[in-house]
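Here is the structure we will look at.
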Amino acid sequence: MKFNIEVDVDWLEEGGSVNEEVRGEIIYGVMRQINKDTKEKISKAMDESLREAKEQAAELINAQILKAVDDWLNNEVVITDKYGEPKDSGTLKDIIKREWNDVLNRRVDADGSFSGYSKKYTVLEYLTNTRVTEIVEENLK
């Protein structure tokens, strides 16, 4: 630790000496510097602690959210029709996969319509062909 102390002796109290005045100024300067250094160290330590606490909280929250979503997706459900009769069952994850797969494999016409007569593409083929065509056209410009 380095101390720079400046002593300004403009006046002396009656009965006071230069040595006492200098000694008092040195003590006051040292205390002021220690106080300043301590405040800086405390401030840095608090900032670091807050940063670490925020990171830990974010990690904990993310882990809890992921666990809750995973539990929810692995929950067994029964899908019923409008009369309450069981139509499908399984975990939400499995049902979502099945439904998504069914949608991607549905047949569409050349315009991507489900209601057309000439359904020669699956949704996946239609979307892939459309996107590839867009990319090629962009790169040929």
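The values are calculated or read from the model by the stated rules, or taken from the named source; none is laboratory data. If you're wondering where the values come from, they're calculated on a predicted model, not measured in any experiment. Ideal geometry is used to build each Cβ from the backbone, glycine not excepted, and the neighbour counts take in all protein chains shown. The area values use the complete protein model at the heavy-atom level, side chains included, leaving out ligands, DNA and RNA. Shrake-Rupley method; radii C 1.70, N 1.55, O 1.52, S 1.80 Å.
Out of curiosity, is Arg32 in a helix (DSSP H, G or I), at pLDDT 90 or above and surrounded by 10 or more Cβ atoms within 10 Å (Cβ to Cβ)?
Working: in a helix (DSSP H, G or I): yes; at pLDDT 90 or above: no; surrounded by 10 or more Cβ atoms within 10 Å (Cβ to Cβ): yes.
Against the criterion (in a helix (DSSP H, G or I), at pLDDT 90 or above and surrounded by 10 or more Cβ atoms within 10 Å (Cβ to Cβ)), Arg32 does not qualify.
In this structure, does Asp88 turn out to be touching a helix residue (DSSP H, G or I) at 6+ places or on another chain (Cβ under 7 Å), at pLDDT below 90 and either in a strand (DSSP E or B) or under 30 Å from Thr128 (Cα atoms) (or both)?
Numbers: touching a helix residue (DSSP H, G or I) at 6+ places or on another chain (Cβ under 7 Å): yes; at pLDDT below 90: yes; either in a strand (DSSP E or B) or under 30 Å from Thr128 (Cα atoms) (or both): yes.
For Asp88, the condition - touching a helix residue (DSSP H, G or I) at 6+ places or on another chain (Cβ under 7 Å), at pLDDT below 90 and either in a strand (DSSP E or B) or under 30 Å from Thr128 (Cα atoms) (or both) - is met.
Give the residue, chosen from Asn101, Asn62, that is part of a helix (DSSP H, G or I) and within 30 Å of Thr130 (Cβ to Cβ). Full working, then the answer.
Numbers: Asn62 fails: within 30 Å of Thr130 (Cβ to Cβ).
Checking each option against the conditions leaves just Asn101.
Can Lys82 be described as free of Cβ contacts under 8 Å to residues at least 12 places away in the same chain, farther than 30 Å from Arg131 by Cα and surrounded by 10 or more Cβ atoms within 10 Å (Cβ to Cβ)?
Working: free of Cβ contacts under 8 Å to residues at least 12 places away in the same chain: yes; farther than 30 Å from Arg131 by Cα: yes; surrounded by 10 or more Cβ atoms within 10 Å (Cβ to Cβ): no.
Taking the combined requirement at face value, the residue does not satisfy it.
Can Asn105 be described as within 21 Å of Tyr126 (Cα to Cα), open to solvent by less than 100 Å² (accessible area, probe 1.4 Å) and either at pLDDT below 90 or within 39 Å of the chain's Cα centre (by Cα) (or both)?
Here the answer is yes, as Asn105 does meet what is asked.
Residue pairs, Cβ under 7 Å, 6 or more apart or interchain, first in the stretch 107-119 and outside any strand (DSSP E or B) and charged (D, E, K, R), second modelled with pLDDT under 80 and open to solvent by less than 40 Å² (accessible area, probe 1.4 Å). List them.
If the second residue must be modelled with pLDDT under 80 and open to solvent by less than 40 Å² (accessible area, probe 1.4 Å), the pairs left are Asp109/Gly116.
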